[in-house]
Amino acid sequence: MTAIEERITTAGKKPAKRRKISPLLVIGIGAVLVVALTYVLPPFRNYQFATVGAYFCVTAGLTVLTGLNGQLSLGHGALMATGAYTLALMQNRFNLLAAGIVAAILVTTAVGAVIGLAAARLRGPYLAGLTLAVAVVVPSVTSTFDETFNSDQGLTVALEPPPEAILMEQWQAWLCWGGALVTVLLLSYLVRGRFGREMRAVRDDETAAKLAGVSVARTQVLAFVVSSACAGLAGALFAVLAQSVSPGAFPLTLSLFLVMAIVIGGLGRLWGALIGAVLLVALPSVAQTIAEDAGSQRLEGNLALTFFGVVLVVVMLAAPGGLASLRVPRRKKGL
């Protein structure tokens, strides 16, 4: 049977529905792969792997906020700092890591709710300006209340060592990727449900969303709250990774890198958030290697920003929807 005859015979048939893969199954497979990789990778690579997991938490939340709800945030680095400082204060006082992580999420969620209430009234550059102001204010708070936050010196995070059979970097990778996988699982169910549809409706046309009965302000505030919770978790995990917290660890450039990462990866796609998280670790590492070979420490920060800018331009020209939008072309059957 030729291809033309096959088309004629199948013209009246309905196309077969594609079966959707359960997010729980994907997360389960991902957890197995994460544990397996930590036994193969050397300690430094495990640390980088753990850093990717921590970044994945914040990029997943940010891509939902910006890609699905249409709110641009330039202050997620400050929200990460909020979660990191909360964990440091809790850990140094009570030495309960799980409680410290929960407290970091709750405090950052509360801060995000306050910012979200203001952000719901703003659009475009005004919203970006508000979140940018937050990124500037948070480091100044640590300097103002230096007795609590120890100013520019920051705080150390006391951690109990894992069992002797487990390396610290391996344990950090399990913790960071455990948080990342749980975050992605919850977000995947969230964006597939009614709330996800409401976010897309608000992003596409606020007037039409109002006519359809969607509360625009409530949707925008909840989107910011969810994204802030993800940033708070990421900040807490970074505090565990570095075992210290300081204003210099969460500069303004971090917020810019986060936005560029989700744009390069693909806005509104969780796979794009994963690609962005990998780039956030890989590109600065390459820049650091080049700077060390050149013998210039000043070159490192500028090179990382340059690399992100170049990759952003190239990706936007080749794939405007981000790297996650690329599809492998299928081979067509011949006649």
Can you tell me which condition LEU185 does not meet? The list is (1) surrounded by fewer than 19 Cβ atoms within 10 Å (Cβ to Cβ); (2) farther than 23 Å from VAL26 by Cα, and all the others hold.
(2)
May I ask you to list the residues in the range 291-311 that are crowded, with 16+ Cβ neighbours inside 10 Å and at pLDDT 75 or above?
ALA291, LEU303, ALA304, LEU305, PHE307, PHE308, VAL311
Could you tell me whether the range 206-224 includes any residue that is farther than 16 Å from LEU62 by Cβ, surrounded by fewer than 20 Cβ atoms within 10 Å (Cβ to Cβ) and acidic (Asp, Glu)?
yes
Under 7 Å between Cβ atoms, which residue pairs at least 6 apart in sequence (or on different chains) link something in the range 42-57 that is farther than 15 Å from LEU233 by Cβ with a partner that is among the charged types (D, E, K, R) and crowded, with 18+ Cβ neighbours inside 10 Å?
PRO43/GLU169; ASN46/GLU169; TYR47/GLU169
VAL314 is checked against (1) at pLDDT below 80; (2) more than 19 Å from THR253 (Cβ to Cβ) and fails just one. What number does that condition carry?
(1)
For a quick check of your reading: which helices (runs of 4 or more DSSP H) sit entirely within the range 83-194 and have at least 1 residues that are over 24 Å from the mean Cα position of the chain (by Cα), modelled with pLDDT of 90 or more and at positive phi?
none
Would you check which residues across the range 133-145 are free of Cβ contacts under 8 Å to residues at least 60 places away in the same chain and of a type outside the set (Ser, Thr, Tyr) and list them?
ALA133, VAL134, VAL137, VAL141, PHE145
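The values are calculated or read from the model by the stated rules, or taken from the named source; none is laboratory data. Being a predicted model, the structure only gives us computed values, none of them experimental. Reconstructed Cβ throughout: ideal geometry from the backbone, glycine too, with neighbour counts over all protein chains shown.
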